[in-house]
Amino acid sequence: MHFSDLGLKAELLRAVADQGYDTPTPIQQQAIPAVMTGRDLMATAQTGTGKTAGFTLPILHRLFSGERLARVTKAPRVLVLTPTRELAIQVEESVRTYGKHLPVTSLAVFGGVGINPQIANLRRGVDILVATPGRLLDHVQQRTVDLSKVEIFVLDEADRMLDMGFIRDIRKIIALLPKQRQNLMFSATFSPDIRELAAGLLNNPASVDVAARNTAAETVTQRVIETDREKKKELLCHLFESRGWHQVLVFARTKHGADALARTLDKAGIKSAAIHGDKSQGARTRALSEFKDGKLVALVATDIAARGIDIDALPYVINYELPNVPEDYVHRIGRTGRAGMEGEAISLVCHDERGQLKDIERLIKRSLERVVIEGFEQSATAAPRPPQPPRGARKPQAQPRSQAPKTGKNSGRPQQHHNGNRHR
Ligand code: AMP
C-alpha cells in the first residue's frame, strides 16, 4: 500500500513525499481512512508507530476539503490535548510538517513559559491548537481561548494523562467543547480507566489496535546484563567506549539519579545531558536538539520526561535502572526499533531489581536474554539494599493541576522557541 491509495489531498501527499515516506505504517493504514470519514476513533498505539501522522494527515485533509476551505473563525477548529510539553511541541511540529503546503495555522500552548505570547497568537487566529491541559485551562479562565468552534478533538496518550492526574482537567475541557464534534483517542494501553473514559467520550468509534499491547517491536533486540549496583556506572562507560555508541537514550529511575549519571558520563568524556521534570523547558529543548544533532552522545532521561520524545531511528536504549512500573519498560524500549529499523535495548540489572525484571518478563510474556560482561559480573551475594519506594509506586514528576504552581510564577523561565510560533 502507498500513501497515494488513501485518497489524501495532493498537498498532503506532497508533504509526505518530502519526508521521504511512501508506505503508511499499520496505524496510518487503518486510522487515516476512518478519520477521513468523520468517525470517532479509539486507537491503541504507542509512540513510534507513526500515530501522529495517523491523525494529523486526515485532520488536515478534513479541514481543507470542500466547503471547509474558507476560514470562518479565528477560534481553533481542532484541539489536540497532550500530557507533556514535549509531546505538544512534537505534535505541533507534525502539523507544520504535513501542513506545509496548506494555509494552516497551528500553535502549541503549554506551561512553564510565558503566557502572553500564546495569548497574542491565539488572538490572531489558530486552526489547530495543541495544548497541555493545565495551560489550556489557564487560557480558558482568562478567556483568551474560545473552544466553542472545535470540530475535531484529539486526546493523545490518554493513558499517560490519567497517570499524571489530568482526568478532572480533561473532563472540564470536554465540557467546553461543542456537542457536535469528531473525537479521536490514542492510548498505549487499554486499561479499565481508559475504557471508561472512551465510553464517555466516543460515539460509535472505529477501533484500531496496532502492535499487540505490551509487546515491543520485533526489530528490537532486548538483553539484560546482570551486574552489581555499584558496578553500573563503570559498566556503562565501558559499554560506550568498547562499542563506540553515538546516540543512546539512557533511562534512570529518579531525577537525581539522572543528573548524577549524566555528570559521570560527561566526566568520562561521553557528552551527556539529563532531562527530567525539574529542568526548565529551555534546558530540556536544548538537550533534545543537541542530542538529535549528534552533539550529545547520551541523553539520560526519567520515564515521564522521555514520553513523547520523537527521534528518528534511535539505535540504542539503555535501562540503567529498571522502572518500577513494568509498562514503562515497554514505553522505554519503544524509543528504538521504530518504523522497522533495527534497535537494541539493554538493561543493567542488579540483585535488587530481579523482582522488577520478573514483572517485566511476565508482562511482555518472554524471558530476556542474559549477558555477562567480563569484569562486571554479578557477585554471588546481594549488596546491602539502599532504601527504595515500594514496588509499583510511581513518583509523579508532573503534579496534578491542583498541586501545580500557579501560572505566572514561572514566566521568568527561559522561553521556548516554538512557543508562539505561528505558521501560515
Ligand atoms: P510517532 O509514532 O507519531 O511518534 O512517529 C514515529 C516516527 O515515525 C516519527 O519519527 C515519524 O516521523 C516516523 N514516521 C511516521 N510515519 C512514517 C512512515 N509512513 N514511514 C516511515 N516513518 C514514519
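Computed quantities for the displayed model
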read-out: Criterion (among the β-branched types (Val, Ile, Thr) and more than 28 Å from residue 50 (Cα to Cα)) met by exactly one of 285, 264; value: 264
read-out: Qualifying residue in region 176-190 (condition: touching a strand residue (DSSP E or B) at 6+ places or on another chain (Cβ under 7 Å), without any contact (Cβ under 8 Å) to a residue 60 or more places away in the chain and of a type in the set (Lys, Arg)); value: yes
read-out: Members of region 266-309 that are in a helix (DSSP H, G or I), without any contact (Cβ under 8 Å) to a residue 40 or more places away in the chain and within 24 Å of residue 186 (Cβ to Cβ); value: 292
read-out: Residue, modelled with the lowest pLDDT, within region 289-321, restricted to residues that are within 14 Å of the ligand (Cβ to nearest atom) and small (Gly, Ala, Ser); value: 308
read-out: Qualifying positions in region 86-116 - farther than 18 Å from residue 136 by Cα and either within 16 Å of the ligand (Cβ to nearest atom) or of a type in the set (A, V, I, L, M, F, W, C) (or both); value: 93, 94, 95, 96, 97, 98, 99, 100, 102, 104
read-out: Exclusive hit being of a type in the set (A, V, I, L, M, F, W, C), out of contact with any helix residue (DSSP H, G or I) (no Cβ under 7 Å at 6 or more places or on another chain), open to solvent by less than 20 Å² (accessible area, probe 1.4 Å) and over 21 Å from residue 9 (Cα atoms), set 131, 120, 45, 88; value: 88
read-out: Hey, residue 5 farther than 21 Å from residue 130 by Cβ, open to solvent by 30 Å² or more (accessible area, probe 1.4 Å) and away from the ligand (no atom under 11 Å from the Cβ) or not; value: yes
read-out: Cβ-Cβ under 6 Å pairs, at least 6 apart or on other chains, region 318-331 side closer than 22 Å to residue 237 by Cβ, far side open to solvent by less than 10 Å² (accessible area, probe 1.4 Å) and assigned to a loop (DSSP other than H, G, I, E, B); value: 320/252; 321/252
read-out: Unique match (being of a type in the set (A, V, I, L, M), crowded, with 24+ Cβ neighbours inside 10 Å and away from the ligand (no atom under 12 Å from the Cβ)) among 57, 12; value: 12
read-out: In region 4-31, the residues that are among the β-branched types (Val, Ile, Thr) and without any contact (Cβ under 8 Å) to a residue 60 or more places away in the chain; value: 23
read-out: Residues (without any contact (Cβ under 8 Å) to a residue 60 or more places away in the chain and part of a loop (DSSP other than H, G, I, E, B)) located in region 121-150; value: 125, 132, 142, 143, 144
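Yes/no matrix, rows are residues, columns are (1) near the ligand (Cβ under 10 Å from one of its atoms); (2) within 24 Å of residue 136 (Cα to Cα); (3) surrounded by 24 or more Cβ atoms within 10 Å (Cβ to Cβ); (4) at pLDDT 90 or above:
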position	(1), (2), (3), (4)
22	yes, no, no, no
39	no, no, no, yes
53	yes, yes, yes, yes
72	no, yes, no, no
76	no, yes, yes, yes
83	no, yes, yes, yes
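The values are calculated or read from the model by the stated rules, or taken from the named source; none is laboratory data. For clarity, every value in this text was computed on a predicted model and none was experimentally measured. All Cβ positions, even for glycine, are placed from backbone atoms using ideal geometry, and neighbour counts span all protein chains on display. Keep in mind that these areas ignore ligands, DNA and RNA; they rest on the heavy atoms of the full protein, side chains included. Shrake-Rupley method; radii C 1.70, N 1.55, O 1.52, S 1.80 Å.
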